[in-house]
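The values are calculated or read from the model by the stated rules, or taken from the named source; none is laboratory data. Only a predicted model underlies this, so the values are computations on that prediction, with no experimental measurement involved. When we count neighbours, we look across all protein chains shown, and the Cβ atoms used for this are built from the backbone with ideal geometry, even at glycine.
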Amino acid sequence: MVARAQAHLRHIGVLLAAYAETDPAGRTRVIAFQRALEELGWHEDRVRIEYRWGGGSANSAKALAMDLVQSSPDVILVAGDPALTQLQNLSTTIPIVFTQVSEPVESGFVYSLARPGGLITGFQNFEPEMGGKWLSFLKELAPQVKRVGALYSSDAAPHASFLAAARAAAPPLGIEVTVVSVENKGSIEPAITEFARQSDSGLLVFPHPTPRSGSLT
């Protein structure tokens, strides 16, 4: 009877490449996921969950994704653009559900938000229009601001959309938006310092995947 029950267990793979197993943010997401499964009737006697924790290492994302795919789960839950990219390249047969992905359509993960198509679907992390909203909030907080630097990295695809939205919102607010380009950790401080030399300035920091061994932290 035990062997028969185990044979009918559903197998879920979870790839959390941006988190270490001890990270509070990662643990919070896992607890919420497990709780939601239980509320839907998917208890331990019905489902087996395998987790892969990357600890924010970009170098380990591919190996973790490959290991998870080779375990042949019924479905994979993945957080973040880089890890999803690895899974998309490794499997065309396992259904994938994503979270914390900024531009799933522009990045080629799905055909559209309404009709994803294929075996990949999930939840978009940010709306591109947030770039304009952030600029408006900054103006409310500091009405004297006339120049705003957008901390921009070319390796983060969503940054282009955030920047476009911020620039579209800038004229009515009387703000000039300038790109503050940062491509590695060492360039962040000098870029901000240089921009801050002029008065009446503010800064927008766009979200970035920030792997610990990657370009920005």
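Conditions tested, residue by residue: (1) out of contact with any Pro (no Cβ under 8 Å at 6 or more places or on another chain); (2) in a loop (DSSP other than H, G, I, E, B); (3) modelled with pLDDT under 85; (4) closer than 25 Å to Ala32 by Cα.
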position	(1), (2), (3), (4)
Val97	yes, no, no, yes
Gly117	yes, yes, no, no
Phe123	yes, no, no, yes
Trp134	yes, no, no, no
Gln144	yes, yes, no, no
Gly149	yes, no, no, no
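All but one of (1) surrounded by 15 or more Cβ atoms within 10 Å (Cβ to Cβ); (2) in contact with a helix residue (DSSP H, G or I) (Cβ under 9 Å, 6 or more places away or on another chain) hold for Val97; which doesn't?
It is condition (2) that Val97 fails.
Is it the case, given these coordinates, that Asp155 is of a type in the set (Asp, Glu), under 30 Å from Thr93 (Cα atoms) and either at pLDDT 85 or above or not assigned by TED's automatic domain parsing to the domain that holds Leu15 (or both)?
yes
So in the stretch 197-217, with the set limited to residues that are aliphatic (A, V, I, L, M) and at pLDDT 85 or above, which one is nearest to Glu103 (Cα to Cα)?
Here the answer is Val205.
Would you check which residues across the stretch 16-48 are in contact (Cβ under 8 Å) with a residue 40 or more places away in the chain and either loosely packed, with under 14 Cβ neighbours inside 10 Å or touching a helix residue (DSSP H, G or I) at 6+ places or on another chain (Cβ under 7 Å) (or both) and list them?
Passing the criteria: Leu16, Ala17, Tyr19, Asp45.
Starting from residues that are under 19 Å from the mean Cα position of the chain (by Cα) and loosely packed, with under 15 Cβ neighbours inside 10 Å, keep the ones in the stretch 134-156 and report whichever is nearest to Ala83 (Cα to Cα).
Result: Asp155.
Give the residue, chosen from Ala79, Ala63, that is of a type in the set (A, V, I, L, M, F, W, C) and surrounded by 20 or more Cβ atoms within 10 Å (Cβ to Cβ).
Matching residue, one of Ala79, Ala63: Ala79.
Given Ser107, Ser102, which one is assigned by TED's automatic domain parsing to the domain that holds Ala20, at negative phi, buried (at least 18 other Cβ atoms within 10 Å of the Cβ) and touching a residue at least 40 places away in the same chain (Cβ under 8 Å)?
The unique qualifying residue is Ser102.
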